[in-house]
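Take a look at the structure set out below.
Please treat every number below as a calculation from the coordinates, not as lab data. Since the model is a prediction, treat every value here as computed from it, not as a measurement. Cβ placement follows ideal geometry from the backbone for every residue including glycine, while neighbour counts extend to all protein chains displayed.
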Amino acid sequence: MSEPVIHTDKLTKRFGDFVAVDALSLTISGGEIFGFLGANGAGKTTAIRMLTGLLAPTSGKAMVAGFDLYTGAECKCVQDNDSPPCLKTGNEC
């Protein structure tokens with residue numbers, strides 16, 4: 001199995017007393033096809049907005065391509081001939 005591209009651990013979003021996403025934990029590896037299914041108001045769009053960085057989570061952790069969305073810190077950099085330039089700053093890569 002390849003390295004996780006998306007990993008969440010108890011990702012949660014609250015709007016006041018309303019819990020839109022409740023403790024979402026998942027790991028998606030490179031090459032996998034993944035979809036969100038659910039009724040209206042189930043939290044699909046809210047989860048995607050958090051994973052794209054458009055909405056900050058209330059709690060939990062989310063890593064996308066090695067980038068920690070909650071703290072804004074990247075944890076690693078993997079490069080090969082076909083990948084875009086590393087997003088890390090400094091001499092970490």
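Obtain the nm distance between the two label points defined at LYS61 and LYS44 by a simple spin-label model: each point lies 7 Å from its Cα along the Cα-to-C-beta direction.
The answer from the label model is 2.9 nm.
Along Cα→Cβ, 7 Å out, is where each label goes; now give me the distance between the ones at LYS10 and PHE34 in nm to one decimal.
With each label point 7 Å from Cα toward Cβ, the separation is 1.9 nm.
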